[in-house]
Every structure is written in structure tokens, then in C-alpha cells.
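Before I ask anything, let me first share the structure, which is written out below as C-alpha cells.
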Amino acid sequence: MATSFEELIAKAQAAPIEGWDFSWLAGRATEERPSWRYSEIVAERAKSASAMLDLQSGGGEMLARLAHLPSLMVATEGYAPNVALASHRLSARGAYVVATQDDRLPFPNDSFDLVTSRHPVATWWEEVTRVLRPGGIYLSQQVGPNSVRELSEYMLGPLPPGSTRDPRLARVAAQRAGLVVRDLREERLRTVFNDVGAVVYFLRLVIWIVPSFTVEGYYDKLLALHEQIQRSGPFVTYASRFLMEAHKPN
């Protein structure tokens, strides 16, 4: 593995970014997984669903790993390259991929008995409620408050307190839209970056951590981070996740 700063940066910049796939980071970074095992819960719920909608599916990575898909399986995605990737992955299994920004879902009322979403950028609660059938389930794992804040503040400086990604706010929004929240859990998860290339790749892929990120714009910060890792060991931060399960009343 390359060890010099320039080599690490060059490899991270050249690495392809497609879908929601972090496999390039294997051996370079680690993140604890939430104890609830979201993909396993989705797999179990999918077994009993007849019509399922997955919102903001990325490249369809999670759905492609499910052993069973309902007879009607629809995924939405707003980023054109991911739409093509998800279509390639899922069409052979009879799933449909729809390009949409999700603020207005192109489906009739009461269309799905299961709606899922892993790490959505935003949730349009009224639309989720509208397309769910009475008794239908909404299941989501979302990025929680102050996720990897240590990394954000290393790059950007001190940030104001508070976060819009608060599970308590999500509960209120879901209830206002007519859903009944039956489960809400939050965990903070140790995340470790072993080299500066892993940080660069992560910031290229997860663009809201440092919205203005470019290697050129943050060159001095990255060099200082590289020297810190070389001197003191991996950079440690903490991701935040919350699980929500809600249902639409009959």
C-alpha cells in the first residue's frame, strides 16, 4: 500500500465512486455497525410484504443482497449514475427503479405495505404516509445528530451546536404526517481512518460532511492530518445512526 502523502491522495482521488459502496475503504477505515442489524430487519420484513418501496436506494446495493424480494419491488433514486447502476443490479430480479427526488413520489395512494430507506438525505413524511397502505410499515436507518463531527470540525473548524438530524425531530415529523412510531433507537459508533487517503475517499462519497470539499481547497488540512496519523496513529471519530419503525394506522 502506498504510504506517502501524495500517493495516498492520488489513489483516493482516482478511486471510482459509484452507488453507496464503501468497499474501497477495506483495510483503510472501519466503522462499528449498529446493534439492530438494519439489513437483517429489512430482509425479514420483505418476506411478508407484497409491495415494497425503497427510497434513495443508491446503486441498489442493499436490495441486491436480499434473499427474497416482494412480488412488487420498487426502488427510487435521484442521482442519475446510481439510477443506471441500480437498474443493472435489480432488473434481473424483477424490481423496478424509478428516477425521482422523492419530494413527490409518482405512485398512487396506498400503494405499498412496506417502505424502507437507508441513510436518506431527507425524508418527505407526508409522501411516505400517502403511499403506505393502512397498516403498512415504514422502516428506516438514518444518520443521526453530529455524525463524524470530529472530522467535520477538523476540516472546517468549530461548528455551532445542534443538528437537524435529531431522532426526536424525526419522531415529531412522522407523527405529524400521521404515522405511529413503534420503535426509535440511536447509537454512536466508533469510526477509524487509518490513512489520509481513506478520509479523502470518504469525503468525496459522503458529500455533506464537508460540503465544499476538494483536495486543493483543503490541501493544508489534509497534509496536517496525514502527519498527525503518521505520528499518533489513526484518526478516530464517531458516527451516529438511528433506527425508526412506524406504521400507518388502519
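The values are calculated or read from the model by the stated rules, or taken from the named source; none is laboratory data. Not measured: the values here are computed from a predicted model. Heads up, the Cβs are rebuilt from the backbone with ideal geometry, glycines too, and the neighbour counts pull from every protein chain shown. Surface areas here come from the heavy atoms of the whole protein model, side chains and all, with no ligands, DNA or RNA. Shrake-Rupley method; radii C 1.70, N 1.55, O 1.52, S 1.80 Å.
Could you state the number of Å between the C-alpha centres of the stretch 143-181 and the stretch 30-87?
Each part reduced to its Cα centre gives a spacing of 23 Å.
Separate question: Counting DSSP beta bridges with both partners in the chain, what percentage is antiparallel, nearest 5?
55 percent
When the helices in the chain are scored as -39500 (n - 2.57) per DSSP H run of 4 or longer and the sum is shared across all residues, what 222 nm value do you end up with, to the nearest 500 deg cm²/dmol?
After summing the helix terms and dividing by the residues of the chain, the value is -10000 deg cm²/dmol.
Right, here's the next one. Send over a whole-number figure in Å² for the accessible area per residue of the chain, probe 1.4 Å.
Using a 1.4 Å probe on heavy atoms only, each residue of the chain averages 48 Å².
Tally up the carbon and sulfur contribution to the accessible surface of the stretch 134-232 as a whole percent, 1.4 Å probe, everything protein left in place.
52 percent
Something else now. Return the carbon/sulfur percentage of the accessible area of the stretch 1-128, one whole number, probe 1.4 Å, all protein chains in place. Intermediate results must be reported in sequence, preceding the final value.
Values: 3370 of 6480 Å².
Ligands and nucleic acids excluded, carbon and sulfur give 52 percent.
Also: Determine the dipole magnitude for the chain: charges of +1 sit on the beta-carbon of Lys and Arg, -1 on that of Asp and Glu, nothing else is charged, the reference point is the Cα centre, and the result goes in debye to the nearest 20.
Dipole size: approximately 660 debye.
For the pair residue 67 and residue 176, how long in nm is the line joining their label points, each one 7 Å along Cα→Cβ?
Inter-label distance under the simple model: 4.1 nm.
Separate question: Just checking my list (i) 7, 31, 39, 20, 3, 0; (ii) 7, 30, 35, 21, 6, 0; (iii) 7, 29, 33, 21, 9, 1, 0 against P(r) over Cα pairs in 10 Å bins from 0, in percent computed from this structure; which label fits?
(iii)
OK, next. So if a site counts as exposed when it's one of the GluC sites (Glu not before Pro), its DSSP state isn't H, G, I, E or B, and it has at most 16 other Cβ atoms within 10 Å, what's the longest stretch of the chain without one? Working shown, then result.
On the way: sites that count: 18, 32, 216.
Longest gap between qualifying sites, sites excluded: 33-215.
A follow-up question, please. Please report the net charge: other residues with Cβ closer than 9 Å to the Cβ of residue 181, K and R +1, D and E -1.
Overall, the nearby charge balance is 0.
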